[in-house]
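Peer 1: Take this structure, written in structure tokens, and hold onto it; I'll ask about it next.
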Amino acid sequence: MSTVGEVQGLAPDGPQVSTPVLVLPVSFAGSGMVYGLDPDQQGKTIWKTMASAGGPEGGVIWGASADSKAAYFAISDWNPGNPEAGGGVVALDIATGKKLWTTPAPKPACVKVTGCSAAQPGPTSLIEGAVFAGSDDGHVRAYASGDGHILWDFDTNRDFQTVNGIKAHGGSIDSTGATIAGGMVYLNSGYSRIPVMSGNVFLAFSVDGK
């Protein structure tokens, strides 16, 4: 495979750029600043939009999701000294980079727990009408793709009765997004690579709760 184009210096706000996503005719990637790139013109910048403050462990870290109209980004902006800092989900118009909506992170209920944070570093997951995003406060939420209002919110930061009888507790939802298939949402809860809330549970949700 040959390299047809290379874009450098796309993350002045931090050391990382998130995994790129391709929705023809645009590819986009970013950190605090999100860039829309033309893959047919060696990565020429079409637009750029400041999605968040960015910085180390800031902005978009693990990736995004997209449909034919918009790209959906969960925001980290993690601040270990302030559990209420960071978080939120942003939708950008694919063609122009214009912000279609922004939904700030709700105030964490776990502010007195070590490692609690409103940051949302993980990638979003998308089905028709809904965008799913996890949070370092242990919550997984579904947002309406049209206007960003929260459709569903579940706190995984608690004990669970498991099918195999092993003691389990949820924690931060950080580096991975939800997998959605067959009317089910699958998600792991708990993260320990940075000082957020560890856990050891794999969860499955259905519409009817069975």
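Peer 1: Restricted to the stretch 167-186, and to residues that are among the hydrophobic types (A, V, I, L, M, F, W, C) and either in contact (Cβ under 8 Å) with a residue 60 or more places away in the chain or in contact with a strand residue (DSSP E or B) (Cβ under 9 Å, 6 or more places away or on another chain) (or both), which residue is surrounded by the most Cβ atoms within 10 Å (Cβ to Cβ)?
Peer 2: Of the residues in the stretch 167-186, the ones among the hydrophobic types (A, V, I, L, M, F, W, C) are 168, 173, 178, 180-181, 184-185.
If we keep only those that are either in contact (Cβ under 8 Å) with a residue 60 or more places away in the chain or in contact with a strand residue (DSSP E or B) (Cβ under 9 Å, 6 or more places away or on another chain) (or both) too, we end up with 168, 173, 178, 180, 184-185.
Working: ALA168: 18, ILE173: 32, ALA178: 23, ILE180: 17, MET184: 12, VAL185: 21.
Only one residue tops the list, namely ILE173.
Peer 1: Also, quick follow-up: Which of the following residues is hydrophobic (A, V, I, L, M, F, W, C), within 25 Å of VAL21 (Cα to Cα) and over 13 Å from the mean Cα position of the chain (by Cα): ILE150, ILE166? Working first, answer last.
Peer 2: Details: ILE166 fails: within 25 Å of VAL21 (Cα to Cα).
Answer to the check: ILE150.
Peer 1: Still on this model: Filter the stretch 84-95 down to residues that are outside any loop (DSSP other than H, G, I, E, B) and over 16 Å from the mean Cα position of the chain (by Cα), then give me how many there are. Lay out the reasoning, then the answer.
Peer 2: To start, the set of residues in the stretch 84-95 that are outside any loop (DSSP other than H, G, I, E, B) comprises 89-93.
Right, trim to over 16 Å from the mean Cα position of the chain (by Cα) and you get 93.
Number satisfying all stated conditions: 1.
Peer 1: So, in the stretch 171-186, of the ones that are of a type in the set (Ser, Thr, Tyr) and assigned to a strand (DSSP E or B), which residue ends up nearest to GLY58 (Cα to Cα)? If you could, list the steps in order and put the result at the bottom.
Peer 2: Start the filter on the stretch 171-186 by keeping residues that are of a type in the set (Ser, Thr, Tyr), which leaves 172, 175-176, 179, 186.
Okay, now just the ones that are also assigned to a strand (DSSP E or B), so 179, 186.
Details: THR179: 24, TYR186: 26 Å.
Within the stretch 171-186, the match that is nearest to GLY58 (Cα to Cα) is THR179.
Peer 1: Which numbered condition in (1) at pLDDT below 95; (2) farther than 19 Å from ILE180 by Cβ; (3) crowded, with 19+ Cβ neighbours inside 10 Å is the only one that GLY63 fails?
Peer 2: Of the numbered conditions (1) at pLDDT below 95; (2) farther than 19 Å from ILE180 by Cβ; (3) crowded, with 19+ Cβ neighbours inside 10 Å, the odd one out for GLY63 is (2).
Peer 1: Can we say LYS48 is touching a residue at least 40 places away in the same chain (Cβ under 8 Å), more than 21 Å from PRO108 (Cβ to Cβ), surrounded by fewer than 16 Cβ atoms within 10 Å (Cβ to Cβ) and touching a Gly at 6+ places or on another chain (Cβ under 9 Å)?
Peer 2: Numbers: touching a residue at least 40 places away in the same chain (Cβ under 8 Å): yes; more than 21 Å from PRO108 (Cβ to Cβ): yes; surrounded by fewer than 16 Cβ atoms within 10 Å (Cβ to Cβ): yes; touching a Gly at 6+ places or on another chain (Cβ under 9 Å): yes.
Criteria met by LYS48.
Peer 1: Here is a further query. Could you say whether any residue in the stretch 187-206 is aromatic (Phe, Trp, Tyr), part of a loop (DSSP other than H, G, I, E, B) and either out of contact with any Lys or Arg (no Cβ under 9 Å at 6 or more places or on another chain) or surrounded by 16 or more Cβ atoms within 10 Å (Cβ to Cβ) (or both)? Let's see the steps before the verdict.
Peer 2: At the first step, the residues of the stretch 187-206 found to be aromatic (Phe, Trp, Tyr) are 191, 202, 205.
Next, only the ones that are part of a loop (DSSP other than H, G, I, E, B) stay: 191.
Narrowing the set further to residues that are either out of contact with any Lys or Arg (no Cβ under 9 Å at 6 or more places or on another chain) or surrounded by 16 or more Cβ atoms within 10 Å (Cβ to Cβ) (or both) leaves 191.
Checked against the condition, which is being aromatic (Phe, Trp, Tyr), part of a loop (DSSP other than H, G, I, E, B) and either out of contact with any Lys or Arg (no Cβ under 9 Å at 6 or more places or on another chain) or surrounded by 16 or more Cβ atoms within 10 Å (Cβ to Cβ) (or both), the stretch 187-206 yields at least one hit.
Conditions tested, residue by residue: (1) over 27 Å from GLY129 (Cβ atoms); (2) assigned to a loop (DSSP other than H, G, I, E, B); (3) within 18 Å of the chain's Cα centre (by Cα); (4) modelled with pLDDT under 90.
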| residue | (1), (2), (3), (4) |
| --- | --- |
| SER27 | no, no, yes, yes |
| THR49 | no, no, yes, no |
| ALA53 | yes, yes, yes, yes |
| GLY59 | no, yes, yes, yes |
| PHE73 | no, no, yes, no |
| ASN82 | yes, yes, no, no |
| GLY97 | no, yes, yes, no |
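The values are calculated or read from the model by the stated rules, or taken from the named source; none is laboratory data. It should be emphasised that the depicted structure is a prediction, and the values quoted were computed from it without experimental measurement. Cβ coordinates were reconstructed from backbone atoms using ideal geometry, including for glycine residues, and neighbour counts include every protein chain displayed.
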